[in-house]
Amino acid sequence: MTGTTQNNTSQAIAFIGGGNMASAIIGGLIRQGLSAAEIEVVEPFAEARDKLRTQFGITAQAAAGPALARAQLVVWAVKPQTFKDAAAQAKPYTGNALHLSVAAGIRSDSIAQWLATERIVRSMPNTPALVGKGMTALFARPGVSQGDKARVEQVIATTGASLWVEEEAHLDAVTALSGSGPAYVFFFLEAMTQAGVEMGLTREQAYQLSVATFVGSAELAQASDDPPEVLRQRVTSKGGTTYAAITSMEQDQVQPRFVKALHAARQRAKELGDEFGA
């Protein structure tokens, strides 16, 4: 393991799973001054362990062991189908820790049962966390204190913004909106780039224009107090080019079909909880 310090004031954090999301949080923590020696990682895949060693100087372990006991916070960054088995292996060493799950679909009732603790925060992050621009929704079980919440917020802040939801079921909606949301953006970027190419631009030009448009529009929306309908209307002059595009999409029912797609994502999130839960 990376560290050997054993004391009650340790700020050690353990990660069960060392993939992309774990790496995003680890990178943020190290940038904020946490020593690699204070980070424990359990990662069964050798390639991922090698990457952690190269990128952060962390010697990850292939299986859970006694070194996990020093962690005040355990971050669960495993695939839904492996969570239960991973919890069984780590449980003997993590009974005193606060637990933060970034695993999709697995409900906190299941996690509480598997780990025999109520100090659980379940979260739904998204992939822009990899560049510090993530959006993470958080749900805390009743056993989580205000101090625990503050600790979780501190960790998540290394990857971007966060918000708390009062009902765990709302995380399924969060999954549909922001969790899966980056894929929708990339989907439209593909379409805009293809259209640009068909209209004579190079693929590089079309892609650069499309990405910059999404970035600028998102920042404009974030800076404005106006709802998206108003922002859209300001760009849409009747009889103009934008009006032609919006009218075409309305005729093809793009918006209601897109809303339908998000409902499908929410339903799948619920099914994952049913499938892999306790």
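Before moving on, here are some points about what is shown:
- Test: ALA221 is surrounded by fewer than 12 Cβ atoms within 10 Å (Cβ to Cβ) and of a type outside the set (Val, Ile, Thr): no
- Candidate set: segment 180-198, residues that are among the hydroxyl-bearing types (Ser, Thr, Tyr) and in a helix (DSSP H, G or I); chosen: the one nearest to ASN126 (Cα to Cα): TYR184
- Pair list, Cβ under 8 Å, 6 or more apart: segment 117-144 residue closer than 13 Å to THR159 by Cβ, other residue in a strand (DSSP E or B) and among the aromatic types (Phe, Trp, Tyr): SER123/PHE139; ALA137/TRP164; LEU138/TRP164
- Test result for GLN205, in the same structural domain as ALA103 (by TED's automatic domain parsing) and either part of a helix (DSSP H, G or I) or surrounded by fewer than 16 Cβ atoms within 10 Å (Cβ to Cβ) (or both): no
- Residue count for segment 152-162, restricted to those that are outside any helix (DSSP H, G or I) and either of a type in the set (Asp, Glu) or surrounded by fewer than 23 Cβ atoms within 10 Å (Cβ to Cβ) (or both): 5.
- Qualifying position, being under 27 Å from THR82 (Cα atoms), at pLDDT 95 or above, hydrophobic (A, V, I, L, M, F, W, C) and out of contact with any strand residue (DSSP E or B) (no Cβ under 9 Å at 6 or more places or on another chain), among ALA264, ALA244, ALA278: ALA264
- Given (1) crowded, with 18+ Cβ neighbours inside 10 Å; (2) out of contact with any Phe, Trp or Tyr (no Cβ under 8 Å at 6 or more places or on another chain), index of the condition ILE111 fails: (2)
- Any pair with Cβ under 6 angstrom, 6 or more apart, that starts in segment 209-221 at a residue that is modelled with pLDDT of 95 or more and ends at one that is surrounded by 12 or more Cβ atoms within 10 Å (Cβ to Cβ) and not aliphatic (A, V, I, L, M): SER210/THR193
- Scope segment 99-122; condition within 18 Å of THR136 (Cα to Cα) and in contact with a helix residue (DSSP H, G or I) (Cβ under 7 Å, 6 or more places away or on another chain); matching residues: HIS99, LEU100, SER101, VAL102, ALA103, ALA104, GLY105, ILE106, ARG107, ILE120, VAL121, ARG122
- When ALA244 is tested against (1) surrounded by fewer than 10 Cβ atoms within 10 Å (Cβ to Cβ); (2) over 30 Å from the mean Cα position of the chain (by Cα), only condition (1) is not met.
- In segment 128-151, the condition of being buried (at least 19 other Cβ atoms within 10 Å of the Cβ), aliphatic (A, V, I, L, M), modelled with pLDDT of 95 or more and touching a Gly at 6+ places or on another chain (Cβ under 9 Å) is met by at least one residue.
- A single entry from GLY17, GLY27 fulfils the requirement of being modelled with pLDDT of 95 or more, of a type outside the set (D, E, K, R) and in the same structural domain as VAL131 (by TED's automatic domain parsing): GLY17.
- Residue within segment 76-90 that is part of a loop (DSSP other than H, G, I, E, B) and touching a Ser or Thr at 6+ places or on another chain (Cβ under 7 Å) present: no
- Subset tally (residues that are in contact with a strand residue (DSSP E or B) (Cβ under 7 Å, 6 or more places away or on another chain), assigned to a loop (DSSP other than H, G, I, E, B) and not hydroxyl-bearing (Ser, Thr, Tyr)) for segment 108-128: 3
- Test result for GLU229, in a helix (DSSP H, G or I), of a type in the set (Asp, Glu) and either over 23 Å from the mean Cα position of the chain (by Cα) or over 30 Å from GLU153 (Cβ atoms) (or both): yes
The values are calculated or read from the model by the stated rules, or taken from the named source; none is laboratory data. Bear in mind the structure is a predicted one, so any value in this text is a computation, not a measurement. Methodologically, a virtual Cβ is constructed for each residue, glycine included, from the backbone with ideal geometry; neighbour enumeration extends over all protein chains shown.
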